[in-house]
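Structure record follows, encoded as structure tokens.
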Amino acid sequence: MAHIIVVGNEKGGSGKSTTSMHVATALVRMGHRVGALDLDLRQKSFARYVENRQAFLKRAGLDLPSPHYIDLPEVDAASLQAGENPFDARLSAAVAALEPNSDFIIIDCPGSHTRLSQVAHSLADTLVTPLNDSFVDFDLLARIDPETSKVKGPSIYSEMVWNARQLRAQAGLKPIDWMILRNRLGAQAMHNKKKVGSALEDLSRRIGFRVAPGFAERVIFRELFPRGLTVLDLRDTGVDQLNLSNVAARQEVRELMKELRLPGVTIDF
């Protein structure tokens, strides 16, 4: 069976699609077969990223490793079982279509609470939650005492992950390996950064996730989207000399892949 990686956070702008594309591209560049799904049926940023990649490679006459993306198939209402949710059926059909030819399936979830996102979280072997390093984003994970900055209890997104874990346990599946990715970390050890870090460590012990540094705020990540490229592709597209920021971005991707601890993956870039 394919190992399913779900990239989820109910808040938009946290870097889910950038994370999804870099993880998917890193895996295919290391020789793994990767399927890809985008459950944000309105914005489809991940889908657009892959589409941009295919268009750029065709224009440039390049053949770079790429994930195999498919849209969710439509389902005939007449084929549904009594009480079966059509979104459940569409996601199930998509995973079934990708699984025979995939070592990994990357599922990018929308920045909102949807039925598709709920079901995808219950399918996750690995869950990656990109989080902008602020208490605005942290509020989705837990409630904070405004005076002491102490964690009062889990919030809406953490509760959804808990429910997904319960469903997996009832089905006899292995637990979700949940990793919080701290994106847009400030370069300096500011007071707020330390407070967010302490709150994450406190919450991680309570509800069971790992914390890892993610991607810094870099122009390169925004510039690559229109061409569908990642920082791992730059040398193959005519960039002979990488500047310091590009080298640092590449290292961030490498560290992310190490922190994911995916089965059968040896980091070779």
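Assorted remarks:
- Yes/no for L262 being more than 21 Å from T129 (Cα to Cα), at pLDDT 95 or above and under 20 Å from the mean Cα position of the chain (by Cα): no
- Taking region 230-253 as the range and being touching a helix residue (DSSP H, G or I) at 6+ places or on another chain (Cβ under 8 Å), in contact (Cβ under 8 Å) with a residue 40 or more places away in the chain and either loosely packed, with under 13 Cβ neighbours inside 10 Å or within 19 Å of H32 (Cβ to Cβ) (or both) as the test, the residues that pass are T230, V231, L232, D233, V253.
- Restricting region 31-58 to residues that are part of a loop (DSSP other than H, G, I, E, B) and of a type in the set (A, V, I, L, M, F, W, C) leaves a set whose member that is modelled with the highest pLDDT is L39.
- Flag if F225 is part of a loop (DSSP other than H, G, I, E, B), surrounded by 14 or more Cβ atoms within 10 Å (Cβ to Cβ) and either modelled with pLDDT under 95 or not β-branched (V, I, T) (or both): no
- Some residue of region 59-75 being more than 18 Å from the chain's Cα centre (by Cα), surrounded by 17 or more Cβ atoms within 10 Å (Cβ to Cβ) and at pLDDT 95 or above: yes
- Residues satisfying the criterion are present in region 206-223 (criterion: among the aromatic types (F, W, Y) and under 17 Å from T25 (Cβ atoms)).
- One residue from A248, A199 being assigned to a helix (DSSP H, G or I) and at pLDDT below 90: A199
- Where a residue in region 161-184 is on the phi > 0 side of the Ramachandran plot and its partner, wherever it lies, is of a type in the set (S, T, Y) and surrounded by fewer than 12 Cβ atoms within 10 Å (Cβ to Cβ), with Cβ under 9 Å and at least six apart: none
The values are calculated or read from the model by the stated rules, or taken from the named source; none is laboratory data. Since we're looking at a predicted model, the values are computed, not measured. Note that each Cβ is placed from the backbone with ideal geometry, even for glycine, and that neighbours are counted across all protein chains shown.
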